[in-house]
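Here the structure is laid out as structure tokens; the discussion comes afterwards.
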Amino acid sequence: MKSGTMRSLRRGMLVSMVAVLVAGCGGATPSGPTAAPSGALSAPAASVAAATPTGAATAGPRGTASATGASTAVTTPAPTTPAPTTASAPVATPRRTPSSSPQPAAGPVLFSMRPVSGPPGTLVTFLGAGLGSAPGRIRFTPVAGGPARLAPIRAWSATRVVCLLPDGLPAGDASPALWTAAGTPVGPGGNGAWPLFDVAGPSPVVSGFSPSGGPAGTLLIIRGQDFGSTPGLVTLCQFCGTGAQLSAHASLVAWSNTEVEARIPAAFQSGGAQVHLVTAGGAVVTVGTFDVWAGPPTGTATPAG
């Protein structure tokens, strides 16, 4: 009798263990007493629940785990899949296109004038563009009124023009104006306004000279006014502004405010030479053309043969 009872107990325990295994695998937990063979003890269903320890995690909502008993529910964030990184597509830069706005036409234009003050006879230099290679005209007009004067040209190129401030201008501002050889007026550039020249006075004036020609060593007498008391220079030039230019200073003999005496240098070929008087203050006055001869100086004796 005792051995039969033990067998029945073992069977009951085996059934209970099977039930626990089935419950762990998700199977249904049998309710109520488990059927057992006749004479065997039945294991109550509560034994199945006892097989699950208190505080063990049970399946909860997706991404969470819930615990029963004294355990506190812990929320575990659901794993997130990083969004694929999308590389920014290169932005096409529009190609530059030529501007459709009209461009200024190239033409004669003045940029600067130096110096901006001085007495008549001062060398004035203009810088510009499109001035041409052939000499044009330069005119100075007194702002306060009076006749305009044409300036003697000393050099002319497409970008640079040099002239003498003409005689006869009154002291004060004078406005320059330029024309190309084709007669085209030269427009202002830079700040868009013509510069003014401040004429200083009084200016030297030449009334005449003598003789009009002679060989080297000839005494040249220049008459006029406002030459100043301090000696300046008398210069002569042949083929001026060319590669064959010849120039030299005459030898001064006497200098006063109204008369200058100088001897023609022996540096020139037969023909005309331009004569200029330069005051100590830098004013340049055109005297005229002296005809250089071949032979001994005027007024000297010719040696007997």
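The values are calculated or read from the model by the stated rules, or taken from the named source; none is laboratory data. It should be emphasised that the depicted structure is a prediction, and the values quoted were computed from it without experimental measurement. Note that we place each Cβ from the backbone using ideal geometry, even for glycine, and neighbour counts take in every protein chain shown.
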Problem set entry | Enumeration of residues in segment 192-246 that are under 45 Å from the mean Cα position of the chain (by Cα), part of a strand (DSSP E or B) and of a type in the set (Ser, Thr, Tyr) | Thr235
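Going by what's in this entry, would Ser157 be described as of a type in the set (S, T, N, Q) and over 23 Å from Gln245 (Cα atoms)? Lay out the reasoning, then the answer.
On the way: of a type in the set (S, T, N, Q): yes; over 23 Å from Gln245 (Cα atoms): no.
It is false that Ser157 is of a type in the set (S, T, N, Q) and over 23 Å from Gln245 (Cα atoms).
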Problem set entry | Residue list for segment 132-179, restricted to those being of a type in the set (Lys, Arg) and within 24 Å of Gln225 (Cβ to Cβ) | Arg149, Arg154
Problem set entry | Members of segment 155-172 found to be out of contact with any Lys or Arg (no Cβ under 9 Å at 6 or more places or on another chain), exposed (fewer than 15 other Cβ atoms within 10 Å of the Cβ) and outside any strand (DSSP E or B), listed by number | Ser157, Ala158, Thr159
Exercise. Somewhere in segment 137-154, is a residue among the aliphatic types (A, V, I, L, M), at pLDDT 85 or above, surrounded by fewer than 18 Cβ atoms within 10 Å (Cβ to Cβ) and within 22 Å of Leu233 (Cα to Cα)?
Worked result: yes
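Determine, yes or no, whether Ala283 is under 18 Å from Pro120 (Cβ atoms), of a type in the set (Gly, Ala, Ser) and at pLDDT below 90.
On the way: under 18 Å from Pro120 (Cβ atoms): yes; of a type in the set (Gly, Ala, Ser): yes; at pLDDT below 90: yes.
Against the criterion (under 18 Å from Pro120 (Cβ atoms), of a type in the set (Gly, Ala, Ser) and at pLDDT below 90), Ala283 qualifies.
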Problem set entry | Positions within segment 206-249 being modelled with pLDDT under 90 and in contact with an Asp or Glu (Cβ under 8 Å, 6 or more places away or on another chain), in sequence order | Phe227
Seminar exercise, completed: Filter segment 124-136 for residues that are outside any strand (DSSP E or B) and touching a Leu at 6+ places or on another chain (Cβ under 8 Å); the one that is surrounded by the most Cβ atoms within 10 Å (Cβ to Cβ) is Leu131
For this session: Determine, yes or no, whether Phe290 is more than 50 Å from the chain's Cα centre (by Cα) and either part of a loop (DSSP other than H, G, I, E, B) or at pLDDT 85 or above (or both).
Result: yes
Seminar exercise, completed: The one condition Ala254 fails out of (1) of a type in the set (A, V, I, L, M, F, W, C); (2) in a strand (DSSP E or B); (3) surrounded by fewer than 18 Cβ atoms within 10 Å (Cβ to Cβ); (4) in contact (Cβ under 8 Å) with a residue 12 or more places away in the chain is (4)
Seminar exercise, completed: With the first residue restricted to segment 94-123 and required to be exposed (fewer than 13 other Cβ atoms within 10 Å of the Cβ) and assigned to a strand (DSSP E or B), and the second required to be at pLDDT 50 or above and among the polar types (S, T, N, Q), Cβ contacts under 7 Å at 6 or more apart or on different chains are Arg114/Thr125
